[in-house]
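Report on the structure given below.
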Amino acid sequence: MSTISPISQERLIRTRISIEGIVQGVGFRPYIYNLAQAHRLKGYVLNNQHGVEIEVEGDPVSIKTFLKLIPETLPPQAHIVSLKEEQLHPVNFRDFIIRESVAQDKRTALISPDIAICKDCLYEVFNPQDRRYRYPFINCTNCGPRYTIIDAIPYDRPNTSMKTFRMCQACQKEYDDPSNRRFHAQPNACSLCGPKVQLVDAANHRVNTEDPVAECARLLLQGSIIAVKGLGGFHLAVDATNNTSVERLRTLKSREEKPLAVMAPDIETIKTFAVLSPEDETLLQSAVAPIVLIAKADPFPLSPLVAPHNPSIGVMLPYTPLHHLLIRGNFAALVMTSGNLKDEPIAIDNAEALHRLGGCADYFLMHDREIYFRNDDSVIKTFPVGGIRKEVVTRRARGYTPQPVFLQEEVIPVLALGGEMKNAICLTRGKTAFLSQHIGEMGYRETYEHFLKTVDHLKRILTIEPRAIACDLHPGYATTHFADAQKDLPVFRVQHHHAHIVSCLAENVVKEKVIGVAFDGTGFGTDGTVWGGEFLIADYGSFERAAHLTPVPLPGGDQAVRKPWRMALSYLATFCADCGYNDLEMIRKQSSRDKELVLKLIQSRFNSPFTSGMGRLFDAVSALLGVCEESTYEGQAAMELEMAIDNGTEDHYDFLYQEQDGSCCVNPSPLFRGICSDLKDGKPAGHISTKFHNSIAAMIAAICLRLKERYRLDSVALSGGCFQNGYLLSQSLSKLRQAGFTVLHHHIVPPNDGGIALGQALIANEHFTKSKG
């Protein structure tokens, strides 16, 4: 056997390594410890306010190899943003150790998101020989809660909601052992020393049972509605095959038609009721474990009330040990919808859940580990592009937050407040932008309180003191009022669609001027009207409205959003007054009184602001085809119109392009005349829907070609809620690329209003910097 000679003093060097990124709470220190031991290096590793600090001492070859291997063999959830080296004089370290964390005032360390249970922990949960057999809170450095239990940086147990649970001797031994995968896993615990689960009824009386999870499963099988406390809040759960239970949940939750998400035990079970692509499978089994929107199978064995009038269903796999214990061997699927009523934020506290959900849930499966911060399930859908499926995040929350978006350049600290719908905020620092989790609809008191807590919490755990605030241009938004109340900071009001485009640019690490296509339902325009079908020439600093959908009256304001047939009548009366639209079935079925009222609103312009919103055009066509004449949830008419597509034609309708005041107006008169003609000829709704979607994609390409010639730009950015529509996005990408454009679109930042805070922040930074320069 060969022997290794001691390293001579002459060959000894010392290197300090500073690493920033997601390197706390993900097993990074034991990884470094074992890597250093393998290469006979001495020194230390510790967590600090910026990330991880390492000092290694040894021969130059070993240190060079060590540095090379660090980014190549990372723990699964770690992510390095920067790695800096500094050469120092040797100090003759005696061994390599993991030092105590260093906490200082200025903290920039990145926080890991909550992570789905790993395979190792899952094996232990169902292994009768393991000491954690059937323990609902098993975790390690590769999985478990992070963001939802953290109160401060560094990510150490005293700064988490696990601080009240003192580890038993066995858990402490694991926690202290660098070779153990639970080394410094802050939520580490077992049934002897960790959180406990309990089952209570709606009156908070404990159910007498030795196994609350098994009893919960039995009650669900009997038809009960149960509020289940998970990772980022409560779910309301019912057996997804039980029509009566699903119907009762919908009634009590006041959720008439909006689809309900389901949780299934495994991929094979999902394949019995849904059609999975390989990309969908990968997403479902990822550490994020999001809700993935996928096509239903035929036949569909779950209750039709889970997702009525909808060919798709939102599905997720269990992502906590408690979920696995509850569902495995008991159910094909459980409805697992957010533990709230209507559009309130989800409940996270036991007492809060009992108070808010007591009229809906029969029982509550709760635990005593505090959730510091509510965090909904993330939602993703995939769409086909060139033979593969690409993903787009439509709700960014658990599994993503608080991972930053990495920026092209350093920016000042900005607090951007987002919009009124699908609110999420953004804080910037250096080359990072931190989008919050989905907060919700700001019209509710509870949501506004959640918004305020989110602002305070993120500022505190990220240690960011904003130098500027960004908000929407709309004067009536709650976020605008909040911004105006902050008297000590400059406030930048940002046009809604400009923010959409810049959020897309930032995600794609592009700063150059582009043609921006921003399609959504509502955004306050600089002229005081409602925008939403916009073609902008934009960069971070400015924008020009180069083309837009011709505005039409919005009869009755929000009433026209809830009753899309009103928008159909508005478009028909504006553009097709002479095409005999009164003979159409959708128009005939409305009462004479209702039609007369809407026509009077259109003619008088009373409570009927003009809108160029593309979302309202989708609503109008959806109603006209009889797909959705009244909406019970936001975006329903447009979503159901997409679902009606039959892919049976490549034809499209036309638009008129009219120059007006230096901008191109996109007039849909030929489109509506064509739809009316097809309806009178008896063409099916699926055919017309396909043709309509093709028309929007063809129009996008045609307008962008006009603007390319005028502005000499060949990059297009697509943003706004309409680009959640997979068919529209796929067709638009295809036509634009065929026309020679470079096309930017969203992947990890929602194209809807959940992503606009990112754009707001960077626009505010641009204006702030210029004002100081």
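For region 541-548, does any single residue satisfy the condition of being modelled with pLDDT of 95 or more and either hydroxyl-bearing (S, T, Y) or closer than 30 Å to H450 by Cα (or both)?
Yes - at least one qualifying residue is present in region 541-548.
Could you please give the count of residues in region 562-598 that are β-branched (V, I, T) and either closer than 30 Å to G662 by Cβ or at pLDDT 95 or above (or both)? Steps first, answer last, please.
To start, the set of residues in region 562-598 that are β-branched (V, I, T) comprises 574, 587, 598.
Now narrow it down to the ones that are either closer than 30 Å to G662 by Cβ or at pLDDT 95 or above (or both): 574.
Residues in region 562-598 being β-branched (V, I, T) and either closer than 30 Å to G662 by Cβ or at pLDDT 95 or above (or both): 1 in total.
Does T480 meet the test of being among the hydroxyl-bearing types (S, T, Y), within 19 Å of P609 (Cβ to Cβ) and assigned to a helix (DSSP H, G or I)?
Working: among the hydroxyl-bearing types (S, T, Y): yes; within 19 Å of P609 (Cβ to Cβ): yes; assigned to a helix (DSSP H, G or I): yes.
The answer is yes for T480.
Can you tell me which residue in region 17-73 is surrounded by the fewest Cβ atoms within 10 Å (Cβ to Cβ), limited to those that are among the acidic types (D, E) and within 18 Å of R99 (Cα to Cα)? Can you show your working first?
The first filter runs over region 17-73 and keeps only residues among the acidic types (D, E), leaving 20, 53, 55, 57, 59, 72.
Add one more test, that the residue is within 18 Å of R99 (Cα to Cα), and what stays is 20, 53, 55, 57.
Details: E20: 20, E53: 18, E55: 21, E57: 23.
Out of the qualifying residues, it is E53.
Yes/no matrix, rows are residues, columns are (1) among the aromatic types (F, W, Y); (2) touching a Phe, Trp or Tyr at 6+ places or on another chain (Cβ under 7 Å):
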| residue | (1), (2) |
| --- | --- |
| I19 | no, no |
| V23 | no, no |
| R29 | no, no |
| L41 | no, yes |
| D59 | no, no |
| S82 | no, no |
| Q87 | no, no |
| F96 | yes, yes |
| E100 | no, no |
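Identify, please: which residue in region 126-157 is touching a residue at least 60 places away in the same chain (Cβ under 8 Å) and of a type in the set (D, E) and is, among those, least open to solvent (accessible area, probe 1.4 Å)?
Result: D156.
For V517, indicate whether it is open to solvent by less than 30 Å² (accessible area, probe 1.4 Å) and under 22 Å from the mean Cα position of the chain (by Cα).
Numbers: open to solvent by less than 30 Å² (accessible area, probe 1.4 Å): yes; under 22 Å from the mean Cα position of the chain (by Cα): yes.
So V517 passes the test.
Being buried (at least 24 other Cβ atoms within 10 Å of the Cβ) and touching a helix residue (DSSP H, G or I) at 6+ places or on another chain (Cβ under 9 Å) is the filter here, so list the residues in region 755-773 that pass it. I'd like the intermediate steps shown before the answer.
Taking region 755-773 first, the residues buried (at least 24 other Cβ atoms within 10 Å of the Cβ) are 755-765.
Across region 755-773, the qualifying residues are G755, I756, A757, L758, G759, Q760, A761, L762, I763.
Mind checking which residues of region 656-708 are open to solvent by less than 40 Å² (accessible area, probe 1.4 Å), more than 28 Å from M586 (Cβ to Cβ) and part of a helix (DSSP H, G or I)?
The answer is A701, A702, I703, C704, L707.
Q198 fails exactly one of the following numbered conditions: (1) touching a Pro at 6+ places or on another chain (Cβ under 9 Å); (2) assigned to a loop (DSSP other than H, G, I, E, B). What is the number of that condition?
(2)
So which residues in region 584-629 are in contact with a helix residue (DSSP H, G or I) (Cβ under 9 Å, 6 or more places away or on another chain) and assigned to a strand (DSSP E or B), if there are any at all?
T611
Given the conditions (1) crowded, with 17+ Cβ neighbours inside 10 Å; (2) in contact with a Ser or Thr (Cβ under 7 Å, 6 or more places away or on another chain), and given that A189 satisfies all but one, which numbered condition is not satisfied?
(2)
Could you grab me the full set of residues in region 740-752 that are more than 17 Å from I380 (Cβ to Cβ) and either touching an Asp or Glu at 6+ places or on another chain (Cβ under 9 Å) or open to solvent by less than 10 Å² (accessible area, probe 1.4 Å) (or both)? First the steps, then the outcome.
Our first condition is that a residue be more than 17 Å from I380 (Cβ to Cβ); within region 740-752, this holds for 740-744.
Hits for region 740-752 are G740, F741, T742, L744.
Of the residues in region 295-328, how many are out of contact with any Pro (no Cβ under 9 Å at 6 or more places or on another chain) and of a type in the set (A, V, I, L, M, F, W, C)?
5
What is the number of the single condition among (1) over 25 Å from P259 (Cα atoms); (2) among the aromatic types (F, W, Y); (3) surrounded by 18 or more Cβ atoms within 10 Å (Cβ to Cβ) that Y711 does not meet?
(3)
Conditions tested, residue by residue: (1) at pLDDT 95 or above; (2) touching a Gly at 6+ places or on another chain (Cβ under 8 Å).
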| residue | (1), (2) |
| --- | --- |
| V238 | yes, yes |
| N242 | yes, yes |
| E257 | no, no |
| E268 | yes, no |
| V275 | yes, no |
| E279 | no, no |
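Matching residues to (1) in contact with a His (Cβ under 9 Å, 6 or more places away or on another chain); (2) open to solvent by less than 20 Å² (accessible area, probe 1.4 Å):
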position: T401; (1), (2): yes, yes
position: Q408; (1), (2): no, no
position: K422; (1), (2): yes, no
position: F434; (1), (2): no, yes
position: Q437; (1), (2): no, yes
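Which numbered condition trips up T382, out of (1) buried (at least 19 other Cβ atoms within 10 Å of the Cβ); (2) free of Cβ contacts under 8 Å to residues at least 40 places away in the same chain; (3) touching a strand residue (DSSP E or B) at 6+ places or on another chain (Cβ under 8 Å)?
(2)
Does A573 qualify as being surrounded by fewer than 24 Cβ atoms within 10 Å (Cβ to Cβ) and not in a strand (DSSP E or B)? Outline the logic, then answer.
Working: surrounded by fewer than 24 Cβ atoms within 10 Å (Cβ to Cβ): yes; not in a strand (DSSP E or B): yes.
For A573, the condition - surrounded by fewer than 24 Cβ atoms within 10 Å (Cβ to Cβ) and not in a strand (DSSP E or B) - is met.
Among residues belonging to region 89-114 that are in a loop (DSSP other than H, G, I, E, B) and of a type in the set (V, I, T), point out the one that is modelled with the lowest pLDDT. Give the derivation first.
Restricting attention to region 89-114, the residues satisfying the condition of being in a loop (DSSP other than H, G, I, E, B) are 89-95, 99-114.
Retained after the next criterion (residues that are of a type in the set (V, I, T)): 91, 102, 108, 111.
On the way: V91: 93, V102: 72, T108: 66, I111: 80.
The qualifying residue modelled with the lowest pLDDT is T108.
Please verify whether L733 is open to solvent by less than 40 Å² (accessible area, probe 1.4 Å), among the hydrophobic types (A, V, I, L, M, F, W, C), modelled with pLDDT of 95 or more and closer than 12 Å to I515 by Cα, treating the condition exactly as stated.
Details: open to solvent by less than 40 Å² (accessible area, probe 1.4 Å): yes; among the hydrophobic types (A, V, I, L, M, F, W, C): yes; modelled with pLDDT of 95 or more: yes; closer than 12 Å to I515 by Cα: no.
For L733, the condition - open to solvent by less than 40 Å² (accessible area, probe 1.4 Å), among the hydrophobic types (A, V, I, L, M, F, W, C), modelled with pLDDT of 95 or more and closer than 12 Å to I515 by Cα - is not met.
Looking at region 335-355, which of its residues are in a helix (DSSP H, G or I) and either under 17 Å from the mean Cα position of the chain (by Cα) or in contact (Cβ under 8 Å) with a residue 12 or more places away in the chain (or both)? Let's see the steps before the verdict.
Residues of region 335-355 in a helix (DSSP H, G or I): 350-355.
Within region 335-355, N350, A353, L354 meet the criteria.
List the number of the failed condition for F165; all other conditions in (1) farther than 21 Å from L322 by Cα; (2) open to solvent by less than 50 Å² (accessible area, probe 1.4 Å); (3) over 31 Å from the mean Cα position of the chain (by Cα) hold.
Checking F165 against (1) farther than 21 Å from L322 by Cα; (2) open to solvent by less than 50 Å² (accessible area, probe 1.4 Å); (3) over 31 Å from the mean Cα position of the chain (by Cα), the one that fails is (1).
Could you say which residue among R566, R493 is part of a strand (DSSP E or B) and open to solvent by 10 Å² or more (accessible area, probe 1.4 Å)? Outline the logic, then answer.
On the way: R566 fails: part of a strand (DSSP E or B).
After ruling out the rest, the residue left standing is R493.
Hey, among D343, D362, which residue is at pLDDT 95 or above, farther than 19 Å from P136 by Cβ, open to solvent by 10 Å² or more (accessible area, probe 1.4 Å) and in contact with a strand residue (DSSP E or B) (Cβ under 7 Å, 6 or more places away or on another chain)?
Details: D343 fails: at pLDDT 95 or above.
When all the criteria are applied, what remains is D362.
Filter region 542-555 down to residues that are assigned to a loop (DSSP other than H, G, I, E, B) and open to solvent by 10 Å² or more (accessible area, probe 1.4 Å) and give me whichever is farthest from R706 (Cα to Cα). Spell out the reasoning first.
Here is the first cut: in region 542-555, the ones assigned to a loop (DSSP other than H, G, I, E, B) are 542, 550-551, 554-555.
Those left that are additionally open to solvent by 10 Å² or more (accessible area, probe 1.4 Å): 542, 550-551, 554.
Details: S542: 20, T550: 17, P551: 20, L554: 29 Å.
Result: L554.
Which condition breaks for D176 when tested against (1) touching a helix residue (DSSP H, G or I) at 6+ places or on another chain (Cβ under 8 Å); (2) open to solvent by 20 Å² or more (accessible area, probe 1.4 Å); (3) modelled with pLDDT under 95; (4) not small (G, A, S)?
(1)
Take the residues in region 281-297 that are outside any loop (DSSP other than H, G, I, E, B) and among the β-branched types (V, I, T); name whichever of them is surrounded by the most Cβ atoms within 10 Å (Cβ to Cβ).
Step one: of region 281-297, the residues outside any loop (DSSP other than H, G, I, E, B) are 281-284, 291-296.
Narrowing further to those that are among the β-branched types (V, I, T): 282, 291-292, 294.
On the way: T282: 14, I291: 26, V292: 30, I294: 23.
Only one residue tops the list, namely V292.
The values are calculated or read from the model by the stated rules, or taken from the named source; none is laboratory data. No experiment lies behind these values; they were computed from the predicted model shown. Heads up, the Cβs are rebuilt from the backbone with ideal geometry, glycines too, and the neighbour counts pull from every protein chain shown. All accessible areas refer to the heavy atoms of the entire protein, side chains included, with ligands and DNA or RNA removed. Shrake-Rupley method; radii C 1.70, N 1.55, O 1.52, S 1.80 Å.
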